[in-house]
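K.L.:
Quick one: this structure, given as structure tokens, is what I'll be asking you about.
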Amino acid sequence: MSDRFNTIAGWALFAGIIALGGGIVASKLFHSERPEPMGYAIAGVEAEGEGGASGPGLNTLLASADVAAGEKVFAKCVACHTINQGGANGIGPNLYATVGEAVAQGKAGFAFSDALKSKGGTWTFEALDHWLASPREFAPGTKMSFAGLSKPEDRANLIAYLNSQGSNLPLPAADAAPAAEGAANAAAPAEGANSAEPAATNEAAPASE
Ligand code: HEC
């Protein structure tokens, strides 16, 4: 009887130790592993920043845009759009010379949605960039059912291609990038490796005043 009691007590004790140990292990596992960036990542919001503060701006991208690459991107549009002069309207309007044209003016009486008609303004490079990033966001309720192009480079190349089809507006000059240039200049004379660094910053300071 007492043997049995001892066995049961032993197991109970053992179970207690396991539970305690398990609890400690669990708390180590689950408590210390807090995710570094707290909160939830919201899809879409993240993507928008991509070309914003970090990447080069639209002007810079347009200044070095690749029209041939833009024509390839336009493959995503041909299901609904023609772009040749006098081309037929399809699901979407013909896009010849649309860059610089009034928004929702279209050709041959294409029936635009009220959402786009009420937008007003002209198709500037910026407006097109915004539109092509997310038609739905640019004109909520638009009937252009196209998700958008998330890559700023794709949009810039495409806009340059659209512009080459009947519009030929001058492309903007690249944005001046004083910060990047400064960094490049600072990096160039860094022959003396680490020891040159403080000297470089001191030199740079009076120059900017
Ligand atoms: C699924 C069909 C479809 C696809 C794909 C599509 N579009 Fe459209 N697009 C439309 C429709 C429909 C409209 C008219 C929108 C409205 O009235 O709200 C439109 C309107 C436009 C306009 C405005 C024209 C004007 O005269 O105001 C531009 C610019 C445009 N699309 C460019 C593009 C480009 C560039 C692509 C490829 C990246 C593309 N679209 C892909 C259907 C499409």
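The values are calculated or read from the model by the stated rules, or taken from the named source; none is laboratory data. Nothing here was measured: the structure is a model prediction, and the numbers come from that model. Quick reminder, even Gly has a Cβ in these numbers, built from the backbone with ideal geometry, and neighbours come from all protein chains shown.
K.L.:
Could you figure out which of (1) near the ligand (Cβ under 7 Å from one of its atoms); (2) among the aliphatic types (A, V, I, L, M); (3) part of a helix (DSSP H, G or I) isn't true of A104?
P.N.:
So the condition that A104 fails would be (3).
K.L.:
Might you let me know whether region 90-99 holds any residue that is within 30 Å of S54 (Cβ to Cβ), of a type outside the set (F, W, Y) and either at pLDDT 95 or above or exposed (fewer than 14 other Cβ atoms within 10 Å of the Cβ) (or both)?
P.N.:
Checking region 90-99: at least one residue is within 30 Å of S54 (Cβ to Cβ), of a type outside the set (F, W, Y) and either at pLDDT 95 or above or exposed (fewer than 14 other Cβ atoms within 10 Å of the Cβ) (or both).
K.L.:
For region 100-129, enumerate the residues that are aliphatic (A, V, I, L, M) and surrounded by 14 or more Cβ atoms within 10 Å (Cβ to Cβ).
P.N.:
Within region 100-129, V103, A104, A115, L116, A127, L128 meet the criteria.
Condition check ((1) among the β-branched types (V, I, T); (2) modelled with pLDDT of 95 or more; (3) surrounded by 15 or more Cβ atoms within 10 Å (Cβ to Cβ)) across all residues:
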position	(1), (2), (3)
W131	no, yes, yes
A139	no, yes, yes
A156	no, yes, yes
S164	no, yes, yes
S167	no, yes, yes
P170	no, yes, no
A173	no, no, no
A184	no, no, no
A187	no, no, no
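K.L.:
Suppose the filter is part of a helix (DSSP H, G or I), within 14 Å of the ligand (Cβ to nearest atom), within 18 Å of F146 (Cβ to Cβ) and at pLDDT 95 or above; does A127 pass it?
P.N.:
Criteria met by A127.
K.L.:
A further question on this structure: Yes or no: K151 over 18 Å from Y96 (Cβ atoms) and near the ligand (Cβ under 7 Å from one of its atoms)?
P.N.:
No, not satisfied.
K.L.:
Restricting to region 130-165, give me the number of residues that are not aliphatic (A, V, I, L, M) and not in a helix (DSSP H, G or I).
P.N.:
Total meeting the criteria: 11.
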